[in-house]
Protein chains: 4
Amino acid sequence: MSRYTYLKEQVFEANMEIPKENLAIVTFGNVSGIDRQEGVVAIKPSGVPYNRLKVEDIVIVDLDNVVIEGSMRPSSDTRTHTLLYKNFPSIGGVCHTHSTYAVAWAQAQKPIPNLGTTHADHLVQAVPVTEVMTDEAILRDYELETGYQILETFTRNALSPEEVEMVLVACHGPFTWGKDPAKAIYNSVVLEEIAKMAFLTLQINASAETIKQTLIDKHYFRKHGKDAYYGQGC
Amino acid sequence: MSRYTYLKEQVFEANMEIPKENLAIVTFGNVSGIDRQEGVVAIKPSGVPYNRLKVEDIVIVDLDNVVIEGSMRPSSDTRTHTLLYKNFPSIGGVCHTHSTYAVAWAQAQKPIPNLGTTHADHLVQAVPVTEVMTDEAILRDYELETGYQILETFTRNALSPEEVEMVLVACHGPFTWGKDPAKAIYNSVVLEEIAKMAFLTLQINASAETIKQTLIDKHYFRKHGKDAYYGQGC
Amino acid sequence: MSRYTYLKEQVFEANMEIPKENLAIVTFGNVSGIDRQEGVVAIKPSGVPYNRLKVEDIVIVDLDNVVIEGSMRPSSDTRTHTLLYKNFPSIGGVCHTHSTYAVAWAQAQKPIPNLGTTHADHLVQAVPVTEVMTDEAILRDYELETGYQILETFTRNALSPEEVEMVLVACHGPFTWGKDPAKAIYNSVVLEEIAKMAFLTLQINASAETIKQTLIDKHYFRKHGKDAYYGQGC
Amino acid sequence: MSRYTYLKEQVFEANMEIPKENLAIVTFGNVSGIDRQEGVVAIKPSGVPYNRLKVEDIVIVDLDNVVIEGSMRPSSDTRTHTLLYKNFPSIGGVCHTHSTYAVAWAQAQKPIPNLGTTHADHLVQAVPVTEVMTDEAILRDYELETGYQILETFTRNALSPEEVEMVLVACHGPFTWGKDPAKAIYNSVVLEEIAKMAFLTLQINASAETIKQTLIDKHYFRKHGKDAYYGQGC
């Protein structure tokens, strides 16, 4: 019996939401979770189809990407996940999908503008998109550099990973995170929906603009912070 | 045993149609129902995922939004619902969703034009869209003001809530209503479909126009009013 | 036991394909079938939701629209169906849906051009669209006139109902037919798919044109006529 | 008991993925597999609906399209499959679908540009599209000529069938292949997804361009070739 079973189960459950919520086909996508006290990350093994994935397949690595437990190779995106855990100390789960509309925005290299309250309920900002990676970075250590692209985007735009829990990696697709693996995958579900809504909105009205700041703040702060009154307060 | 069980069951069933008909993801959306003799409204609790919602979770409030029965906090949109019940005396149920195409029209701040008989079967008019709320109103009492935006839209356009059982709140999403909670959610299903049909129609033919009044009236009145001959007359 | 049970069962099964194939929401749409020797048509009752429809609900009418058997009111579109049976002597089933993409083309008042082999496998022509009905016709006998609109479209375009088993009624939606109720609903499934494919094709390439006649004929005649070699020849 | 049961089962399973993955409606599409030692190809029978297809219905033909085993007529596309097997000696399975977005690109007669890493994970190139077939070829031996169109496209563009396992036949739809029938259908699933992503990307940003070569190569070669590190290496 693994000492990390509780973490593997959480990460397994969150990964199984990817096919259930149609956030990726075949083997694409991966969710991880961290136990900061133990200093370990649990993550999906690389290239395993969801309909064959089992709890015991989840791989445990340390923050230097060394496999601690598990007979399978961890996700090829592991180094992106661990870099985010090292630099965003408040997060407990990371999710990467190839959900169709979020990927389309990433491929279009456009941030998703905040066009309505479904978006504002989750973040004040546009969903940011990274720069396209330089040739040098691609050839250096691609998955690690993907993480650096995300960090650079947050620094350049003065974004907080607690306030903006999602990003589009240009030409690639979305990463989301949250306090635990369940929140990370929840944010991927929300991101795909707001990506589709924004797409349709601009097809109906190409001059639709970011909604007013008071409305954004109203929706965001009724769900977040000390004055939140949405939900059951737990 | 609650004296409002019959109402809670109706409202529970109507709420469960939201995920079944794909009208909102995660916890979004809510349906309520009113017992006008008792002066109480039953409504979904705030922020509860549909796959965990139970009949007994439905909250009973009075028309001043005071909780009469239930251990959970009612939907954050409760004040919008009760304002509609107070001002639209013929309605028995209200539904709010974040269905994708209806939200896109709301975010585009465009009324949905009456482009065909699927629309005309349900309402003679375009689906109206409210004005964007003023900063003052947003900061005052947002959910109550959302209700006032809807009332103002109906007054300004001289619409009857018996004839037009749906509205788009600008930058936000749809509200629908009807004689009972089942009809309110039925109208949300119909609205999403006509929102998608109108979207596609205008993509195929950007100059498509509102259909002729005789055709609108023919379809509307074969389903509504004393000369209706659609359905089983019950 | 009804003497028309065999026909009611066929028509019931074909109607149940409408929700299963997502060709209409709630109560919309209807399929009928004819027994030409008995001179009777079996059709869905008006306004009954599919999840409550039973074989015994199917209504039997004669070609003058008089109810022969059944306790429910027949579909409000019955007179359109019977007119088609009277004028298209080779057909055995008729289907009317509100499928989303076919309705969008009908609302756009555009025929669906023959842009590829999926279309050409089923018909040589564009899917025709009727004229918009005159005010006089709408006020006269709407459902009967809908049938006349279809007949007029076939006459004007010199179309054969054996070769073109589908039509778009302008501002309304599709009617399809075939040798029996199963073939009628099959054609509605095909029509919705070619409507979606044509929509997407023109979004990708607005100047896409009707494919060459040799290719159309090749695909049509490998499935139809004496030299057909698609399928199992039965 | 057939000596080809193992092959029929593989081909049956792969065919059943077509409806499960929504890659074609009704009877459209077909998957085959080859046993190169036996010199036989197993393929779906022509025009059989998937919900009635059984393992024993799969037809065995030789590379000259002569039926070796089976009581049903093989797919009308058999000659396209066998020509591909004869000219692409490394492939073990071929799949043809009418998946909606891939067909739309084929009807639009446009190659699908490589706009992101989901595409680059599977092929370095754009998904090629054939020329429109000449009248002479259509009238000669259509299905065989469809195969020649594909071969000509690969020759003209100097493509390798090991590196590019998919093609769009102009005005028709996609063919994919791979080392076995399972890989052939896998590639059809992937193609439909990248066809949809590319469609949406260009709707959001009409000037989106092929991604940089270093990024394409990085993604392709982390999944393919001797330095691949995606998956479990088996």
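The values are calculated or read from the model by the stated rules, or taken from the named source; none is laboratory data. Computed from a prediction, not measured in an experiment: that's the story for all the values here. Here Cβ is always computed from backbone atoms with ideal geometry, including for glycine, and neighbour counts include all displayed protein chains. Keep in mind that these areas ignore ligands, DNA and RNA; they rest on the heavy atoms of the full protein, side chains included. Shrake-Rupley method; radii C 1.70, N 1.55, O 1.52, S 1.80 Å.
When A:219, A:224 are checked against the criterion of being more than 9 Å from chain B (Cβ to nearest Cβ) and at pLDDT below 95, a single residue qualifies: A:224.
Determine whether segment D:192-207 contains at least one residue that is surrounded by fewer than 20 Cβ atoms within 10 Å (Cβ to Cβ), facing chain A (nearest Cβ under 9 Å), touching a Lys or Arg at 6+ places or on another chain (Cβ under 7 Å) and modelled with pLDDT of 95 or more. Within segment D:192-207, one or more residues are surrounded by fewer than 20 Cβ atoms within 10 Å (Cβ to Cβ), facing chain A (nearest Cβ under 9 Å), touching a Lys or Arg at 6+ places or on another chain (Cβ under 7 Å) and modelled with pLDDT of 95 or more.
Take the residues of segment C:107-132 that are over 24 Å from residue D:142 (Cβ atoms) and under 13 Å from the mean Cα position of the chain (by Cα): which is nearest to the other protein chains (Cβ to nearest Cβ)? Out of the qualifying residues, it is C:129. Among the residues of segment C:162-184, what is the count of those that are open to solvent by 10 Å² or more (accessible area, probe 1.4 Å) and part of a helix (DSSP H, G or I)? Final tally of qualifying residues: 2. The condition of being under 15 Å from residue A:88 (Cβ atoms) and out of contact with any Pro (no Cβ under 6 Å at 6 or more places or on another chain) holds for only one of A:209, A:131, A:165, A:192, that being A:165.
Residue-by-condition table, conditions (1) aliphatic (A, V, I, L, M); (2) touching an Asp or Glu at 6+ places or on another chain (Cβ under 8 Å):
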{"residue": "B:34", "(1), (2)": "yes, no"}
{"residue": "B:37", "(1), (2)": "no, no"}
{"residue": "B:50", "(1), (2)": "no, no"}
{"residue": "B:59", "(1), (2)": "yes, yes"}
{"residue": "B:75", "(1), (2)": "no, no"}
{"residue": "B:103", "(1), (2)": "yes, no"}
{"residue": "B:112", "(1), (2)": "yes, no"}
{"residue": "B:123", "(1), (2)": "yes, yes"}
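Take the conditions (1) assigned to a loop (DSSP other than H, G, I, E, B); (2) under 15 Å from the mean Cα position of the chain (by Cα); (3) at the interface with another protein chain (Cβ under 10 Å from one of its Cβ atoms); residue A:189 misses just one of them, which is (1). Of the residues examined, residue C:53 is one that is of a type in the set (A, V, I, L, M, F, W, C) and under 22 Å from residue B:121 (Cα atoms).
Filtering segment A:204-234 to residues that are over 24 Å from residue B:50 (Cα atoms), of a type in the set (A, V, I, L, M, F, W, C) and in a helix (DSSP H, G or I) leaves A:204, A:215, A:216.
Return yes or no: is residue C:79 in contact with a Leu (Cβ under 6 Å, 6 or more places away or on another chain) and within 13 Å of chain B (Cβ to nearest Cβ)? Against the criterion (in contact with a Leu (Cβ under 6 Å, 6 or more places away or on another chain) and within 13 Å of chain B (Cβ to nearest Cβ)), residue C:79 qualifies. Residue B:99 meets all of the listed conditions (1) over 30 Å from residue B:207 (Cβ atoms); (2) under 15 Å from the mean Cα position of the chain (by Cα); (3) of a type in the set (Gly, Ala, Ser) but one, namely (1). Is there a residue in segment A:36-46 that is touching a helix residue (DSSP H, G or I) at 6+ places or on another chain (Cβ under 9 Å), more than 11 Å from chain D (Cβ to nearest Cβ) and open to solvent by 30 Å² or more (accessible area, probe 1.4 Å)? Yes, that holds for at least one residue.
Summed over segment B:3-52, residues that are in contact with a strand residue (DSSP E or B) (Cβ under 8 Å, 6 or more places away or on another chain) and aromatic (Phe, Trp, Tyr) total 1.
Within segment B:145-161, the residues that satisfy the criterion of being of a type in the set (Val, Ile, Thr), buried (at least 20 other Cβ atoms within 10 Å of the Cβ) and more than 15 Å from residue A:117 (Cα to Cα) are B:150, B:153. Can you name every residue in segment D:1-28 that is among the polar types (S, T, N, Q) and either closer than 24 Å to residue C:121 by Cα or touching a Leu at 6+ places or on another chain (Cβ under 7 Å) (or both)? Across segment D:1-28, the qualifying residues are D:15, D:22, D:27. Number of residues in segment A:174-201 that are free of Cβ contacts under 8 Å to residues at least 24 places away in the same chain and of a type outside the set (Ser, Thr, Tyr) equals 1. Against the test of being farther than 30 Å from residue C:131 by Cβ, aliphatic (A, V, I, L, M) and in contact (Cβ under 8 Å) with a residue 60 or more places away in the chain, the options B:63, B:84, B:115, B:123 yield a single qualifying residue, B:84. In this structure, does residue C:158 turn out to be in contact (Cβ under 8 Å) with a residue 60 or more places away in the chain and more than 8 Å from chain D (Cβ to nearest Cβ)? For residue C:158, the condition - in contact (Cβ under 8 Å) with a residue 60 or more places away in the chain and more than 8 Å from chain D (Cβ to nearest Cβ) - is not met.
Taking segment A:2-35 as the range and being open to solvent by 10 Å² or more (accessible area, probe 1.4 Å), of a type outside the set (D, E, K, R) and in a helix (DSSP H, G or I) as the test, the residues that pass are A:5, A:6, A:10, A:12, A:16, A:19. Scanning segment B:24-52 for residues that are in contact (Cβ under 8 Å) with a residue 24 or more places away in the chain and more than 23 Å from residue A:183 (Cβ to Cβ) yields B:31, B:32, B:33, B:34, B:35, B:36, B:38, B:39, B:40, B:41, B:42, B:43. The criterion of at least 3 residues that are closer than 23 Å to residue D:33 by Cβ and open to solvent by 10 Å² or more (accessible area, probe 1.4 Å) is met, among helices (runs of 4 or more DSSP H) falling completely within segment D:59-144, by D:78-87. Restricting B:70, B:33, B:39 to residues that are of a type outside the set (Val, Ile, Thr) and within 13 Å of the chain's Cα centre (by Cα) narrows the list to B:33.
Within segment D:133-144, being more than 10 Å from chain C (Cβ to nearest Cβ) and within 17 Å of the chain's Cα centre (by Cα) holds for one residue alone: D:144.
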